[in-house]
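Worksheet for the structure shown next.
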Amino acid sequence: MDASEVGMDATDLRRLFRYDRWANRKVEQEVANLASAPPKSVKRVGHILGAEAVWLARLTRQSAPLPVWPELSITDLLLQLDVMERAWQEFVDGLDDPALESQCEYVNTKGERFVSTVADVLMHVVMHSAYHRGQIAADIRASGSEPVNTDFIQAARQGYLD
């Protein structure tokens, strides 16, 4: 099944990436502002950035600037967030509908070879980040704080996706 079969086009995916940037920024700022951020949350924020860096490198056929699970300080997380936001913005802004159906060949971290459509990779990136943001919210709640709301509908209501 390709993106057109589920009604996704380049405009829709760019909107999802605006959501992803908004939500990642909110979570990373929250972790940075906590008096004592849960160590698992800091690690998961790093993983979101590392995984996004790896996937973008696969799509652009370049070397990844970060490993999948980087060990970064909170200051470095915020710096890498800026770098990744700009890189993804440039990439998704350059996409058109035919590009979404092109093939991305890559080797995963276990050395296994795969081929996926660009659309599937992009959808995976957004969903993967959302999954880990949910884990971070649970970490923060377990530590006695109330996590920020990073729901898609919240971003839409606040006008971040237009």
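We did not get these values from a lab; they are worked out from the coordinates using the rules stated. Since we're looking at a predicted model, the values are computed, not measured. Here the Cβ positions follow ideal geometry from the backbone for every residue, glycine too, while neighbour counts run over all protein chains shown.
Would you list which aspartates and glutamates come within 18 Å of K26, measuring only between C-alpha atoms, while excluding same-chain residues fewer than 8 positions from it?
Output for K26: E52, D76, D82, E85, D139, E146, D151, D162.
Note the angle between two axes, namely the Cα long axis of helix 74-93 and the longest principal axis of the Cα atoms of the chain, as a number of degrees from 0 to 90, rounded to the nearest 10.
Compared with the principal axis, the helix lies near 20 degrees.
How far is helix 39-60 tilted off the main Cα axis of the chain, in degrees rounded to 10, range 0 to 90?
Taking Cα atoms only, the helix is inclined about 20 degrees.
Given charges of +1 on the Cβ of Lys and Arg and -1 on the Cβ of Asp and Glu, with all other atoms neutral, how large is the dipole of the chain about its Cα centre, in debye to the nearest 20?
Using only the charged Cβ atoms, the result is roughly 600 debye.
Note the angle between two axes, namely the Cα long axis of helix 118-142 and the longest principal axis of the Cα atoms of the chain, as a number of degrees from 0 to 90, rounded to the nearest 10.
Helix 118-142 and the main axis of the chain meet at about 10 degrees.
Which one, E85, E146, E52, has the greatest fluctuation when you compute a Gaussian network model over the chain with C-alpha springs under 10 angstrom?
Result for the chain, Cα springs under 10 Å: E146 fluctuates most.
Please list, by residue number, every one of the trypsin sites (Lys or Arg not before Pro) in the range 63-155 that is coil in DSSP and has at most 11 other beta-carbon atoms within 10 Å.
Details: sites: R86, K110, R113, R133, R141; in loops: K110.
Within the range 63-155, the qualifying trypsin sites (Lys or Arg not before Pro) (loop, at most 11 other Cβ atoms within 10 Å) are K110.
Express the relative contact order of the range 1-87 as a whole percentage, based on alpha carbon pairs under 8 Å and six or more residues apart in sequence. Numbers along the way, then the final one.
Values: 59 pairs, mean separation 23.3, N = 87.
Once divided by the residue count of the range 1-87, the mean separation gives 27 percent.
Just to be sure I understand: if I project the alpha-carbon convex hull of the range 120-162 onto a plane and average over all orientations, what area do I get in nm²?
3.5 nm²
Check which residues have an amide H placed less than 5 Å from C104's amide H, if you skip close sequence neighbours.
Under 5 Å from the amide H of C104 lie the amide H atoms of S116, T117, V118, each far enough along the sequence or on another chain.
Explain nothing, just the number: relative contact order of the range 46-162, from Cα pairs under 8 Å at least 6 residues apart, as a whole percent.
Working: 88 pairs, mean separation 22.0, N = 117.
It rounds to 19 percent for the range 46-162.
Based on the Cα coordinates of the range 3-154, what is the per residue volume of their convex hull in Å³?
Values: hull volume 16.8 nm³, N = 152.
Measuring per residue, one finds 111 Å³ for the Cα hull of the range 3-154.
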